[in-house]
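First comes the structure, then the notes that go with it.
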Protein chains: 2
Amino acid sequence: MDKTDQTAIDESALVLNRTEKSAEAVLRVASMALSITGLVIMIKNSISNEFGSVSYSNIGAFMYLVSANGVCAAYSLLSALAILALPCPISKVQVRTLFLLDQVVTYVVLAAGAVSAETVYLAYYGNIPITWSSACDSYGSFCHNALISVVFTFVVSLLYMLLSLISSYRLFTRFEAP
Amino acid sequence: MDKTDQTAIDESALVLNRTEKSAEAVLRVASMALSITGLVIMIKNSISNEFGSVSYSNIGAFMYLVSANGVCAAYSLLSALAILALPCPISKVQVRTLFLLDQVVTYVVLAAGAVSAETVYLAYYGNIPITWSSACDSYGSFCHNALISVVFTFVVSLLYMLLSLISSYRLFTRFEAP
């Protein structure tokens, strides 16, 4: 990208070309859809049988996963709209805010995926020294749904790692260093 | 930082001033020290009493925490040495490598802290619907040590979030966009 066709850089604002905008909006909308899917699968995840009954709300990690996916879905929608609707050029403050929020959402969703993955792992295999038995022998479909929700959550965290890369690249290349 | 006193930017390499180098090296050495501390606390964490015996190696999350802290400590040392020892100017490839590895280590350590935090939480409170009893009634000191190790790990992940910010700022501000 040589100097001439580089978008004119106003010291305090940035003009995003149409392709950049649409590509990024698509990534954010995809993240929203995947977050909602992970969230809905987990929220509807409960079971009642001869062994007893358990619901996602009985497990702290799964409650955190639902909240993290909820926050992520809402933020993804708002940020996608912001990218598309904000009048060009986008100001440095807006780009910086997007950059920081993208990073925070990445960490929040990654942590949600990690804690729930650990819980699902323990539910499948238990832990003998700590006398935790496997729960999935009794609640197979509950574990299966939780696992699927965790996979969706990790896919969202990967998308957000990419979005964080894009927004740090945009912030630091397009604006003068402070 | 206006144009004149901005360090001369050769298109393909970067001159870091002495303060930047030392500050960053200190951050990396501090991360190394904290990682090693978290790792050693967890590795020495085992207990044997009338209830039975349990060691960190019986719990997958804690094994992951030890490995993640080990990788992080080694990487922190190497990257601190690289920052100090690499001949100036540092090339774009080196800066880019540092940037990517900083991001990866941040995610790896954050995930390690999250899965271990979940395990410690379950050990303290158990989960009745899944018939997991609290383990810390029987293995108090084991839980306590694990908790301290998890805290160290989260502090390391915070330091690496800062280091990731620094290295993305350095990569994108000091080199021409690809």
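What follows draws every value from the coordinates through simple rules; no lab data is involved. Predicted model only: the values in this text are computed from it and were never measured. Note: ideal-geometry Cβ built from the backbone for every residue, glycine included; neighbour counts use all protein chains shown.
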Query raised in the report: To one decimal place, what Kirkwood hydrodynamic radius in Å is obtained for region A:78-152 from all pairs of distinct Cα atoms?
Result: 15.3 Å
**Report entry** Rg [Å, one decimal], Dmax [Å, integer] - region A:3-174, C-alpha atoms
**Finding:** 20.0, 72
Query raised in the report: Given 0.36 nm per residue, what is the gain on full extension from A:Leu101 to A:Leu86 after removing their alpha carbon distance, in nm?
Result: 3.7 nm
Query raised in the report: How long, wide and thick is the protein assembly as shown, going by the Cα atoms along their three principal axes, in whole angstroms, largest first?
Result: 71, 46, 24
Query raised in the report: With charges set only on the Cβ (+1 for Lys and Arg, -1 for Asp and Glu), what does the dipole of the protein assembly as shown come to about its Cα centre, in debye to the nearest 20?
Result: 320 debye
**Report entry** Average other protein chain Cβ within 10 Å of Cβ, residues A:161-169
**Finding:** 3
Query raised in the report: Once the Cα atoms of helix B:18-43 and of chain B are each reduced to a long axis, what angle between those two axes, in degrees from 0 to 90 to the nearest 10, is obtained?
Result: 10 degrees
Report task. Provide the packing ranking of A:123-131, B:44-52, B:112-120, i.e. peptides ordered by the mean count of other C-beta atoms within 10 Å per residue, highest first. Result -> B:112-120, A:123-131, B:44-52
Query raised in the report: Relative contact order, percent, of chain A when contacts are C-alpha pairs under 8 Å separated by at least 6 residues?
Result: 33 percent
Report task. Using only atoms on other chains, find how many Cβ atoms lie within 10 Å of each Cβ of peptide A:119-125 and report the average. Result -> 4
Query - Calculated FRET value between B:Ile148 and A:His144, using beta carbons and R₀ = 51 Å, to 0.05 - result: 0.90
**Report entry** Packing-based ranking, highest mean first, of A:65-76, B:18-29, B:55-66 given that Cβ atoms within 10 Å are counted
**Finding:** A:65-76, B:55-66, B:18-29
Requested in this report: Rounded to the nearest 10 degrees, what's the angle between the helix B:60-85 long axis and the longest principal axis of chain B, both from Cα atoms, 0 to 90?
Outcome: 20 degrees
Report summary line: Computed over chain B: longest principal axis from alpha-carbon atoms vs helix B:140-174 long axis, angle to nearest 10 degrees, is 20 degrees
Query raised in the report: Across peptide B:101-107, what mean number of C-beta atoms from other chains lies inside 10 Å of a residue's C-beta?
Result: 3
**Report entry** region A:99-135-region B:55-97 distance, computed between alpha-carbon centres (Å)
**Finding:** 23 Å
Report task. Determine the percent antiparallel among the DSSP beta bridges restricted to region A:3-174, to the nearest 5. Result -> 100 percent
